[in-house]
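Report on one structure; see the data block that follows.
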Amino acid sequence: MLIRLAALWKKECLALARDRHGLAALFIMPTVFILVMSLALADSLSGQRNATLAYATLDLDGTPVSRALDEQLSATELLNRQVSPPSEDDARSQVETGRLAFVLIIPQGFARQIGANQTPTLRFLVDPAIPGMVRNGFRQHVEAIVIRVWLAHVLEHLGQSMMLPELHRVTGRVGAPDIVLESVTHGGSGGAPLALPSAVQQNVPAWLIFSMFFVVIPISAVFIGERQRGTLQRLRAQRVSFGLVLAGKFAPFVLVNQLQAVVMVAIGRWLVPLFGGEALTLPDGAGALAALWLLSLAVSAAAVGWALLIASLARSSEQATVLGGGGNILMGAIGGIMVPRFVMPVTMQPWTRLSPMDWALEGFHHVMLRQGNVMDILPAAFMLACFGLATLIAASLLNHRISRA
């Protein structure tokens with residue numbers, strides 16, 4: 001069996017070496033995409049988030065004054081108000097998981113501080129991935145609203161009493177509230193804070209994943225050519241099981257995918273900076289590198305399984321190109337490859353979870369941005385492996401049915 005498997009691997013390597021167009025698609029296409037997109041989006045992603053940031057308020061005071069602050073803040077069009085969390089622990093959890101960018105906590109006694117003409121104290125949970133400029137802008141906006149609420153409260157009471165000297169005494173002490181900032185760290189090894197990806201951190205893993213899935217082109221070309229020339233029928237006549245045929249195709253293309261990973265990372269580290277872009281940085285430590293390698297293998301399993309399923313479904317190379325290429329583009333479009341998930345509308349972001357490319361990209365970001373280890377990427381690797389196994393089983397069943405027809 002091992003001799004037959006080695007012969008099948010040799011056959012696939014020779015066929016792949018002759019397919020220069022397929023190899024060009026696997027290496028040249030992602031190289032161009034990484035260079036162009038990393039340079040084109042460098043300024044856009046350096047600003048990180050867009051203006052529609054998700055925030056919530058946690059009103060622990062529950063007074064008309066605190067509600068007035070919440071209502072005025074919710075009237076801001078540039079901020080996307082979410083339902084108030086039930087507790088501070090839940091608020092912290094939502095910021096930690098990235099569902100909220102800010103949580104403004106209005107403590108008990110806020111209205112009493114306003115009424116006593118004291119500087120009010122507010123607490124402010126913030127995602128550390130938010131750029132300082134955006135964070136300061138939100139803070140200044142809250143300060144301005146607090147001052148307006150403060151003045152409205154003062155003028156209301158002065159209007160009732162009509163004591164004009166009191167107006168001079170109180171308004172002379174109006175100032176910005178004391179806002180305590182608390183950055184909420186994200187998961188990952190050591191509790192390292194999450195940072196949104198730069199252009200190169202987004203595009204190198206994104207287009208690497210996309211190019212891995214494009215093994216559908218050379219695999220389909222080889223597979224369909226063998227079917228048309230009768231190679232598969234001759235192997236079946238020699239009692240070579242189709243499972244062994246799939247295994248013979250699986251390992252060489254997984255090796256090609258690993259070579260792709262090495263080349264694309266090298267491009268991000270050394271070629272992109274030559275054109276004026278930011279150099280890709282990799283996490284330190286053997287655990288992080290092992291996690292990247294394991295995730296790369298899981299992506300290969302999913303990509304090769306998908307390619308073999310498409311090759312089994314298609315009757316010609318043209319059909320395989322349409323099915324495989326179209327499917328890859330669709331998975332890349334909804335999976336955060338072409339448009340990063342964090343800049344998509346909030347209503348669209350859950351749909352990215354339908355794409356295996358999103359699982360892979362999330363896994364790479366766990367390691368590259370959160371300093372994660374093997375345990376952190378196991379969910380993504382497991383889902384990708386299950387996807388690859390499911391597609392391999394479907395391809396085997398489909399070919400078994402065709403052979404018996």
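Each reported figure results from applying straightforward, stated rules to the coordinates on display, with no laboratory input. A quick note: this is a predicted structure, and the numbers were derived from the prediction, not measured. Counting neighbours? That spans all protein chains shown, and the Cβs are built from the backbone with ideal geometry, glycine included.
The ranking of ILE337, ILE145, ILE3 by Cβ neighbour count inside 10 Å, starting from the fewest, reads ILE3, ILE145, ILE337. Taking the fewest neighbouring Cβ atoms within 10 Å as the starting point, the ordered list for MET375, MET357, MET37, MET29 is MET375, MET29, MET37, MET357. In this simple spin-label model, placing a label point 7 Å from the Cα along the Cα-to-Cβ direction at both LEU274 and LEU289 gives a separation of 2.4 nm. The label point for VAL322 and the one for ARG99, both projected 7 Å from the Cα toward the Cβ, are 4.3 nm apart. For ARG123, the residues whose amide H sits under 5 Å from its own are ILE105, VAL180, ignoring neighbours fewer than 5 places away on the same chain, with H placed 1.01 Å from N. Just add up the charged neighbours of PRO205: K/R +1, D/E -1, any other residue whose Cβ is under 14 Å from the Cβ of PRO205. Taking every Cβ under 14 Å from that of PRO205, the sum is +1.
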